[in-house]
Every structure is written in C-alpha cells, then in structure tokens.
Amino acid sequence: MSDGTRLGWRDLGWLAALLLAGCLTLGILALTADRFTGGQGGVPLDDAWIHFQFARNLARGDGLSFNPGEPTSGSTSPLWTLLLAGAYLLGCDFPVAGQVLSGACFLVALVATYALGARLTGKRWLGALAGAVVAVNGRMVWAGLSALETCLFAALSLLAINAHIRDRAILRQAQDGSLRQAQDGSLRQAQDEPLRQAQDRFLGQSEGLAGRYRLSTAALFGLAALSRPEGYLLFALSLADFLWASWRRSRITHHASRITHHVSRLLLPTVVFAAIVLPYLLFSLRTSGHLLPNTYHAKAGVDLRPDLDFLSLTARYLILDNPLLLPFYVLGLGVLLFPALSSATGLGEASPRGRASLLGLWSAGLPLIYACLHAVLYQHGRYLIPLIPVNAVAGVVGLLEAGRLATRRGYRWRGSPKALALLVGVLVIVGTAWRLPMMARLYAWNVDNINQMHVALGEWAAEHTPPDAVLALNDIGAITYVSERPIVDLAGLVTPEVIPLLRAHDRDVRLADFMAEQGVQYVVIFPNWFPGLAARTDVLEPVHQVTLARNTIAGGEMMVVYRAHWRR
C-alpha cells in the first residue's frame with residue numbers, strides 16, 4: 001500500500017479479520033462481567049453514568065444540564081453526549097446503549113489504526129499487526145465497553161492524523177510540481193516584473209491551489225476536540241506541523257510574501273475548526289466563566305515542572321502494554337520525530353513516515369502536557385488510552401525500520417519472508433494479549449464495584465429520600481441518574497462554585513456552610529475524601545453505608561450517606 005492508496009478490495013480480508021478479533025475481545029470482557037455479576041452487567045466507571053445523565057436531560061429538552069434546567073459545562077465530551085442523547089431518543093436503554101456505541105467506536109479505531117499503519121509502512125500486514133495489537137490490548141478493550149468517550153476520541157484523532165499526513169503528501173507534490181514549472185519557464189512574467197518576483201508569485205499560486213490544508217481535515221480535528229478537550233492540543237500541533245513543513249520546503253524567497261502565503265493557507269481551516277468548537281466554548285464561558293469545561297479547572301493545575309510520578313506511570317503502562325514491541329516503538333518514535341534518522345536506510349523525508357511527525361509529537365507530547373498539568377493517571381491510565389493505537393503504529397514503523405537496518409548490515413533471514421512475518425506477528429500479538437485475561441477479570445470487578453456501591457446507593461436514595469431532596473455527592477454519576485434527585489457536586493465538576501472552596505485551607509468548614517446555603521438534606525461521600533466533614537457528627541448523621549469487600553475502581557472502600565442537620 002503506497003502513501004496515496006485508499007482502502008480497497010485488497011484490504012477487506014485484513015479488515016474482516018481485524019474486526020472479528022475486536023468483536024471477540026469485546027465479547028470476552030462482556031461475558032466475563034456478565035457471569036461475575038450474575039447477569040446484571042453494567043459499566044466499569046461511574047463517569048459513564050455522568051454522560052448518561054447529561055444525555056437524558058438533553059434528550060428530554062433540558063439542554064446541556066446535569067440538574068434539569070441548570071445549564072452547566074460539566075461534560076468533557078459534548079459530542080459523546082449528543083450521540084448518547086440520540087440513542088436515548090431512539091428508545092435505547094443505558095448503560096447498554098452507551099456500551100454499544102463505545103464498542104462501535106472501538107471497532108472504528110481498529111480500522112483507522114490499520115489504515116494509518118498500512119499508509120506509513122506501505123505494507124498491509126504491518127497495518128493489520130498494528131490493529132491486532134490494539135484489538136487485544138486489555139486497556140483498550142476495557143475502554144471499548146466502558147460507555148465512555150475514550151474510543152470515540154481515539155478513532156477521530158486517528159482519522160484526523162491520517163488525513164493530515166495525506167495533506168502533507170499533497171503539499172509536497174504541489175511544491176515539487178510548482179518548482180519544476182517555475183524552473184522550466186512555464187510562468188508568465190509581467191512587463192517590467194523582476195524574474196524573482198514573478199517566480200515567487202507563480203510558486204505561491206501553484207502551492208496555494210494544490211497544497212491547501214483540506215477543510216475536511218480541519219473538521220475531523222474539530223470533532224475530535226468536541227469528543228475530548230485534548231483535541232485542541234492535537235489541532236494546534238497539526239497546524240504547527242503543517243506550517244513548518246510548508247515553510248521549510250517552500251521556494252518562495254520574499255520574506256513577507258512567504259509569511260503571508262503560509263499563514264493564509266491555514267486561515268480557512270482554522271475558521272472551520274472554530275465553527276465546530278466555538279458554540280460549546282461560548283456555552284462554557286457563559287455558564288462557568290471559563291472556555292474549557294469545569295472538569296479541567298476542578299482537576300488540573302498548571303506547573304512547568306512535569307510530574308515525574310505521572311511520567312513514571314506512563315512508562316510503566318508502555319512496558320506493560322507490550323514489552324516486546326517497546327524497543328521498536330522507541331525506534332519508530334525517533335524516525336517519526338526525526339525523519340533524517342531513516343536516511344541510513346535510504347528513506348528520509350520522501351517516505352510517508354517522513355511526513356508523520358504529528359504522530360510522534362502526539363505520542364510523546366500528550367503525556368508531557370498531562371504531567372505539566374499534574375493530572376492523576378488512575379483507572380487503568382484511561383487519559384492515555386487513546387494513545388494505544390498511536391503507539392502501536394509507531395511500533396510497527398519501528399519494526400519496519402529495524403528490518404531495513406538489519407538488511408543493510410548484512411543480516412539475512414534464511415527462511416521464507418512469510419514465515420518471518422508470521423513469527424514476528426505472533427510474538428508481537430502475544431506480547432500484548434498476555435494481559436487480556438487479567439484485564440477481563442479487572443473489568444468484571446470494576447463493573448461489580450460500581451453496581452454494588454454507586455448504583456445501589458442511587459436505588460437507596462430513590463427509595464428512602466423525598467423526590468425533591470437535595471443530595472451532596474463526591475461521585476455524581478449513577479447516584480444522580482438512578483435516584484433522579486437534584487444534587488450538589490462536591491468535586492466541582494457540575495457545581496463550579498465548589499472549586500475555590502476545595503482549595504481553601506479550611507475546606508471542610510466552607511463546604512459545610514455552602515451545603516447549608518444550598519439546602520442539602522443528604523450528604524453521600526467517601527469519608528476518606530472528606531475526613532473533616534465525616535467527623536462533623538453535630539450536623540451530619542450517618543444513616544446508610546456501602547462497603548466493598550474488594551475495591552478495584554472506586555475512590556474508597558466505603559461510601560456513607562449522612563442526613564444533614566444544619567444549624568440555622
């Protein structure tokens with residue numbers, strides 16, 4: 001498969017096998033959880049229920065709100081909310097509908113991984129190998145059944161990166177073609193126009209017509225940004241990468257003309273991107289006073305000194321995902337970021353890999369940005385799960401490069417090339433799939449934990465509290481969705497007024513005063529999160545609790561319901 005080749009009939013066999021593998025791994029985790037929970041099923045994280053609550057309110061005509069009629073930018077993925085709302089309007093039930101959607105996005109991500117891997121290596125079997133590595137990755141399959149937006153963002157970011165690489169290929173062809181035309185005398189020189197100025201004018205027109213950044217590519221990046229806020233960073237990296245490639249190889253000599261030409265070609269794509277993301281940004285600004293969702297301000301803290309613990313955990317997940325592929329990932333990442341490294345094998349920037357620096361920037365840059373935001377890498381490293389397909393593609397690029405280097409150094413495989421490909425493929429797939437049974441068990445435990453604690457507490461609240469009772473929660477998903485009670489969010493995700501209180505030195509005192517002002521009647525918290533509040537026996541009376549025998553995903557082993565008796 002060459003750089004410009006689209007998916008065709010020859011790819012159908014590979015894609016069918018890949019999709020079958022993806023369905024099998026999804027089935028393994030789903031059946032494991034179904035048996036473990038006695039047929040109850042469910043989702044492995046309370047955050048999925050947050051999306052369900054937003055989607056249900058949107059479908060019922062209450063807009064983007066968590067408490068009906070109270071607009072909030074608490075959703076990190078308005079596109080995912082919209083898709084879930086569509087499923088709800090069609091009469092589909094949660095959580096199954098959310099899991100079907102996330103599973104479908106998982107399968108789309110496999111196809112996108114195959115397409116990107118085949119484009120960058122020129123070999124279908126390596127594209128299929130990258131897809132297979134993703135299909136058997138336990139963390140990725142976990143995301144595929146989570147009813148979260150993770151796989152949607154992974155699929156859209158892969159499609160956008162693939163389109164970006166194609167745009168860079170078109171740009172290179174346009175620049176090379178315009179240069180040849182300018183040199184062979186095909187330009188028309190106006191009277192009294194200097195030759196160099198005429199060449200700059202001609203080159204600018206030729207490159208501009210054929211080497212534009214496609215609007216469809218910008219639209220894909222816009223949709224990715226609506227599925228996860230990290231999409232804004234990805235689009236910024238893509239613009240920088242395209243601008244650098246355009247500037248570096250441009251033959252326009254006049255400095256002012258060069259700047260105007262290269263910046264103007266990105267203006268319309270930026271407008272398209274902005275048209276897609278601006279409505280939600282303005283909604284967020286209007287409801288919370290910030291452009292980004294509340295979750296960013298509740299969870300992130302910018303520090304130019306990266307969190308070394310976060311980077312250490314990132315490296316740990318890289319190793320666990322596939323220790324056999326890791327050295328080739330490092331080599332592939334180097335080739336993607338520094339195309340000149342592959343010149344030793346006769347490739348360099350003329351190859352598709354030479355135009356895929358965005359892939360390397362995304363793989364290396366996102367963990368670094370997260371580390372500077374001091375994010376917490378919990379829940380199976382879910383914030384970096386969208387990088388699993390990207391890292392798999394970088395790994396097969398490294399495999400190809402290692403093979404070329406070995407050939408140039410005189411190392412020869414004496415057997416059949418197909419036998420070598422089969423051996424390499426089996427080893428690489430096994431290097432990832434060995435953790436799948438463990439992740440299946442963890443997934444089942446996660447689902448059971450959420451059912452036993454969060455869903456059960458939602459059912460308790462529905463049965464034992466008045467319909468208009470205000471609940472204060474630090475995990476807001478299933479309890480709110482099941483009980484359908486108005487809530488105050490003690491984590492600040494949908495109640496942004498709480499965020500400055502959480503950072504105060506007398507946090508628990510201020511939270512108690514705030515809850516009293518809001519008319520909170522029941523407080524449902526992890527005591528280990530709010531020990532000061534849990535100790536306020538003068539105003540909080542424990543009336544119910546749930547304790548997990550084995551906690552694998554919740555914020556604590558015990559969650560307690562307190563009846564509030566505020567002093568007036």
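For Thr287, the conditions (1) touching a strand residue (DSSP E or B) at 6+ places or on another chain (Cβ under 8 Å); (2) at pLDDT 90 or above all hold with the exception of (2). Here Val335 clears all of (1) modelled with pLDDT under 85; (2) crowded, with 21+ Cβ neighbours inside 10 Å; (3) over 30 Å from Ala554 (Cβ atoms); (4) among the hydrophobic types (A, V, I, L, M, F, W, C) except the condition numbered (1). Just one of the listed residues (Val100, Val111, Val96) is of a type in the set (Val, Ile, Thr) and touching a helix residue (DSSP H, G or I) at 6+ places or on another chain (Cβ under 7 Å), namely Val111.
This table checks each residue for (1) at pLDDT below 95; (2) part of a helix (DSSP H, G or I); (3) of a type in the set (A, V, I, L, M, F, W, C); (4) crowded, with 18+ Cβ neighbours inside 10 Å.
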residue	(1), (2), (3), (4)
Cys372	yes, yes, yes, no
Tyr378	yes, no, no, no
Val390	no, yes, yes, yes
Val393	no, yes, yes, yes
Arg404	yes, yes, no, no
Arg412	yes, no, no, no
Leu420	yes, yes, yes, no
Thr432	yes, yes, no, yes
Val455	no, yes, yes, yes
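Are there any helices (runs of 4 or more DSSP H) wholly within region 1-111 with 1 or more residues that are in contact (Cβ under 8 Å) with a residue 60 or more places away in the chain, open to solvent by 20 Å² or more (accessible area, probe 1.4 Å) and closer than 28 Å to Tyr232 by Cβ, and if so which? The qualifying helices (runs of 4 or more DSSP H) are 47-59, 78-89.
If you go through region 457-475 and keep only what is under 24 Å from Trp142 (Cβ atoms) and either touching a Leu at 6+ places or on another chain (Cβ under 6 Å) or modelled with pLDDT of 95 or more (or both), you end up with Leu457, Gly458, Asn474. If you go through region 555-568 and keep only what is under 37 Å from the mean Cα position of the chain (by Cα) and part of a loop (DSSP other than H, G, I, E, B), you end up with Gly555, Gly556, Glu557.
Kindly evaluate Ala160 against the criterion of being open to solvent by less than 20 Å² (accessible area, probe 1.4 Å), modelled with pLDDT of 95 or more and either hydrophobic (A, V, I, L, M, F, W, C) or not in a helix (DSSP H, G or I) (or both). For Ala160, the condition - open to solvent by less than 20 Å² (accessible area, probe 1.4 Å), modelled with pLDDT of 95 or more and either hydrophobic (A, V, I, L, M, F, W, C) or not in a helix (DSSP H, G or I) (or both) - is met. Of all residues in region 434-450, those satisfying the criterion of being out of contact with any helix residue (DSSP H, G or I) (no Cβ under 7 Å at 6 or more places or on another chain) and crowded, with 18+ Cβ neighbours inside 10 Å are Leu442, Trp445, Asn446, Asn449.
Inclusion of Ile499 among residues that are under 20 Å from Glu541 (Cα atoms) and β-branched (Val, Ile, Thr) is not warranted. With respect to being in a loop (DSSP other than H, G, I, E, B) and either open to solvent by less than 40 Å² (accessible area, probe 1.4 Å) or modelled with pLDDT under 85 (or both), Arg258 falls outside the description. The listed residues are Thr537, Thr552, and the only one of them that is open to solvent by 20 Å² or more (accessible area, probe 1.4 Å), part of a loop (DSSP other than H, G, I, E, B) and within 30 Å of Val43 (Cα to Cα) turns out to be Thr552. For region 517-524, check the following and say yes or no: at least one residue is at pLDDT 95 or above and closer than 29 Å to Trp142 by Cβ. Yes, that holds for at least one residue. On the stretch given as region 459-489, residues that are surrounded by fewer than 23 Cβ atoms within 10 Å (Cβ to Cβ) and either without any contact (Cβ under 8 Å) to a residue 12 or more places away in the chain or out of contact with any strand residue (DSSP E or B) (no Cβ under 9 Å at 6 or more places or on another chain) (or both) total 8. Selection within region 490-508: residues that are part of a helix (DSSP H, G or I) and acidic (Asp, Glu). The member of this set that is most open to solvent (accessible area, probe 1.4 Å) is Glu497.
State yes or no: is Ala132 closer than 28 Å to Leu278 by Cβ and surrounded by 24 or more Cβ atoms within 10 Å (Cβ to Cβ)? So Ala132 fails the test.
Within region 402-426, residues that are free of Cβ contacts under 8 Å to residues at least 40 places away in the same chain sit with their Cβ atoms under 8 Å from residues that are open to solvent by 50 Å² or more (accessible area, probe 1.4 Å) and part of a helix (DSSP H, G or I), at 6+ positions apart or across chains, in these pairs: Trp413/Leu420. Looking across region 234-255 at every residue that is assigned to a helix (DSSP H, G or I) and open to solvent by 50 Å² or more (accessible area, probe 1.4 Å), the one that is modelled with the highest pLDDT is identified as Ala236.
The values are calculated or read from the model by the stated rules, or taken from the named source; none is laboratory data. Here the structure is a predicted model, which means the values were calculated and not measured. Note that we place each Cβ from the backbone using ideal geometry, even for glycine, and neighbour counts take in every protein chain shown. Accessible surface areas use protein heavy atoms only, side chains included; no ligands, DNA or RNA. Shrake-Rupley method; radii C 1.70, N 1.55, O 1.52, S 1.80 Å.
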